[in-house]
Amino acid sequence: MEVLELLNEGQVYEVLLVTRSNVTPVGVVRKGNRLFFKLFGGRSAEEIRGYPRASVQVTNDVELLVKLALNFEAELEFEGEGGHRWIRGLPGVYGMVEFREELLEDELGPAKVLKCSLTPEGEIEGKLPPKPISRADNYLLEMAVNLTRLLVAVRNGRRAEAERLHREVLSNHGMYKKFGGSSELAGRMLKMAGDIFG
């Protein structure tokens, strides 16, 4: 079955976006035969502006998503063809990216957003281990999302939002431990949050 067919239309899926030299987690939404996503700056956005080819790959390894979101070390092998690049072993699709830049303002402040869509040109072969997502995994992922937003809030001087996000990170960590989570990544993120907010 094609990867696109596994994605319900309108739902947000956390996947990996592979560009010319970078990999980052991104939330994608399927509409018809296209995948839509947003990039809030960073290397992937820069690379797509200059070289609009990318791969979108699926993983059920939440720790890998977290490591890549926070630029922690992760061991990956790459391959590709026809100007496209992808992670070996993970299923996905590749294609050209259409994009437009917009200015967005939210509780974190103003930001340039690259609104992107990818129409798959080819399928990437891969197989995921039959590992179910645990409730602890969900909290680890939310902890990473809130931590990246905390970084932006502090950088933009949004003190009230930074306080709220710091509380969210602490709450996510507590729930992660409650549901049996034991990854050292949780401790690293907790320390980062304290260092950033402190």
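Rolling a 1.4 Å probe over the protein heavy atoms of the chain, with every protein chain left in place, gives an accessible area that is 50 percent carbon and sulfur. Applying a length cut-off of 30 Å (Cα extent along the axis) and a mean Kyte-Doolittle floor of 0.0 to the DSSP H helices of the chain leaves 135-155. Given in Å, the Rg to one decimal and the Dmax to the nearest whole number for the Cα atoms of region 49-198 are 17.7, 48. The residue among Val152, Gly92, Asn71 whose Cα reaches farthest toward the positive pole of the charge dipole of region 70-185, with charges on the beta-carbon of Lys, Arg, Asp and Glu, is Val152. Estimated purely from DSSP H runs of n ≥ 4, each contributing -39500 (n - 2.57), the mean residue ellipticity at 222 nm for the chain is -12000 deg cm²/dmol once divided by its residues.
In loop segments of region 1-97 as defined by DSSP, the GluC sites (Glu not before Pro) with at most 15 further C-beta atoms inside 10 Å of their C-beta are Glu2, Glu9, Glu73, Glu75, Glu77. Per residue, region 3-124 exposes an accessible area of 50 Å² to a 1.4 Å probe, with every protein chain left in place. How many angstrom separate the Cα center of region 91-168 from the Cα center of region 15-59? Between the Cα centres of region 91-168 and region 15-59 lies a distance of 11 Å.
Counting only lysines at least 8 places from Lys115 when in the same chain, those with an alpha carbon closer than 23 Å to its own are Lys31, Lys38. Take every pair of alpha-carbon atoms less than 8 Å apart whose residues are at least six positions apart; their mean separation over the length of the chain yields a relative contact order of 18 percent. A Cα-only calculation for region 135-197 places Rg and Dmax at 11.1, 35 Å.
Its Kirkwood hydrodynamic radius, worked out from the mean inverse distance over all distinct Cα pairs, puts region 3-124 at 14.6 Å.
Per residue, what volume in Å³ does the convex hull of the Cα atoms of region 1-41 enclose?
Normalising the Cα hull of region 1-41 by residue number yields 84 Å³.
Ellipsoid fit via the Cα gyration tensor, region 55-136: semi-axes of 26, 21, 12 Å, each the root of five times an eigenvalue, largest first.
The values are calculated or read from the model by the stated rules, or taken from the named source; none is laboratory data. These figures come from a predicted structure and were not determined experimentally. Every residue, glycine among them, receives a Cβ derived from its backbone with ideal geometry; neighbour counts consider all protein chains shown. Surface areas here come from the heavy atoms of the whole protein model, side chains and all, with no ligands, DNA or RNA. Shrake-Rupley method; radii C 1.70, N 1.55, O 1.52, S 1.80 Å.
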